[in-house]
């Protein structure tokens with residue numbers, strides 16, 4: 001195998017790269033350094049902390065399931081469909097990625113609040129009120145996390161070799177058979193990567209959740225919201241919860257590095 005030649009990097013680029021890396025590294029080192037002198041078990045065993053951890057797990061898993069349920073058909077339509085306004089639909093689907101989370105929370109209130117576009121109908125017809133509930137927290141997390149799943153799966157559907165699907169159809173396989181036995185197995189790595197990335201984003205969601213669902217312990221207070229509150233009342237617990245999120249986020253990045261960089 002031919003070895004790649006090392007490229008000579010100018011000193012100024014090395015210095016600037018080191019400064020850029022320090023922007024990411026130093027805050028994390030500071031967080032870990034501050035946690036060394038903390039009582040980890042006391043901080044994580046507090047009832048409010050355990051409740052926030054459990055609620056975060058439940059809400060993020062539910063948001064991931066909703067994202068897969070609705071995001072897979074959406075990705076399929078955007079990747080394979082031909083219809084007017086497809087580019088607009090794709091843009092709206094990706095908008096929560098760049099939209100400030102608080103603005104997303106306000107938009108959710110105007111859509112699903114008691115006086116919102118759809119929320120008032122849900123309230124009058126079924127007595128369903130989403131704001132400031134656990135279901136509202138799940139909806140907020142789904143809103144900000146689903147685009148990551150859709151983007152990953154849509155890219156996989158666009159890049160896959162469709163000749164295998166066509167070969168299956170020529171052998172008499174129906175549409176759903178091709179989907180189950182050819183398409184989904186071929187994009188399974190992207191499905192898993194998109195779901196994990198979606199779950200990690202939902203787990204760390206803050207702005208839309210606190211705006212739409214509030215910060216009620218045991219009902220809508222997830223880990224990021226608990227960190228925000230703990231930094232004012234119990235900084236040690238807030239730091240340890242931040243460490244938990246840091247470890248989970250880093251694990252997700254390491255697990256998905258092959259999908260993004262092709263790294264070994």
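The values are calculated or read from the model by the stated rules, or taken from the named source; none is laboratory data. Everything numeric in this text was worked out from a predicted model, so none of it was measured. Positions of Cβ are generated from backbone atoms using ideal geometry, with glycine treated the same way; all protein chains shown enter the neighbour counts.
Tallying residues that are over 26 Å from residue 90 (Cβ atoms), touching a helix residue (DSSP H, G or I) at 6+ places or on another chain (Cβ under 7 Å) and not in a helix (DSSP H, G or I) within the stretch 131-162 yields 1.
Of all residues in the stretch 5-30, those that are closer than 30 Å to residue 239 by Cβ have Cβ atoms under 9 Å from Cβ atoms of residues that are in a loop (DSSP other than H, G, I, E, B), 6 or more apart or on another chain, in 17/9.
Among the residues of the stretch 64-82, is there at least one that is under 14 Å from residue 205 (Cα atoms), at pLDDT 90 or above, out of contact with any strand residue (DSSP E or B) (no Cβ under 7 Å at 6 or more places or on another chain) and not in a loop (DSSP other than H, G, I, E, B)? The answer is yes; a qualifying residue exists. Would it be correct to say that residue 152 is over 19 Å from residue 198 (Cβ atoms) and surrounded by 17 or more Cβ atoms within 10 Å (Cβ to Cβ)? Judged against the criteria, residue 152 is not a match. Condition (residue is under 29 Å from residue 59 (Cα atoms) and modelled with pLDDT of 90 or more) applied to the stretch 156-170: is it met by at least one residue? The answer is yes, given that some residue of the stretch 156-170 is under 29 Å from residue 59 (Cα atoms) and modelled with pLDDT of 90 or more. Here residue 48 qualifies as part of a helix (DSSP H, G or I), surrounded by 14 or more Cβ atoms within 10 Å (Cβ to Cβ) and over 22 Å from the mean Cα position of the chain (by Cα). Of the residues making up the stretch 83-100, those that are at pLDDT 90 or above and in contact with a helix residue (DSSP H, G or I) (Cβ under 9 Å, 6 or more places away or on another chain) are 89, 90, 93, 94, 95, 96, 97, 99, 100. Within the stretch 99-139, the set of residues being without any contact (Cβ under 8 Å) to a residue 12 or more places away in the chain, farther than 24 Å from residue 150 by Cβ and surrounded by fewer than 15 Cβ atoms within 10 Å (Cβ to Cβ) comprises 115, 120, 121, 124, 125, 126, 127, 128. The set of residues from the stretch 69-98 being under 14 Å from the mean Cα position of the chain (by Cα), surrounded by fewer than 18 Cβ atoms within 10 Å (Cβ to Cβ) and touching a residue at least 12 places away in the same chain (Cβ under 8 Å) comprises 94, 95, 97.
I'm checking my understanding of the structure. Among residues of the stretch 189-241 that are over 18 Å from the mean Cα position of the chain (by Cα) and assigned to a loop (DSSP other than H, G, I, E, B), which one is modelled with the lowest pLDDT? So, considering only residues that are over 18 Å from the mean Cα position of the chain (by Cα) and assigned to a loop (DSSP other than H, G, I, E, B), the one modelled with the lowest pLDDT is 234.
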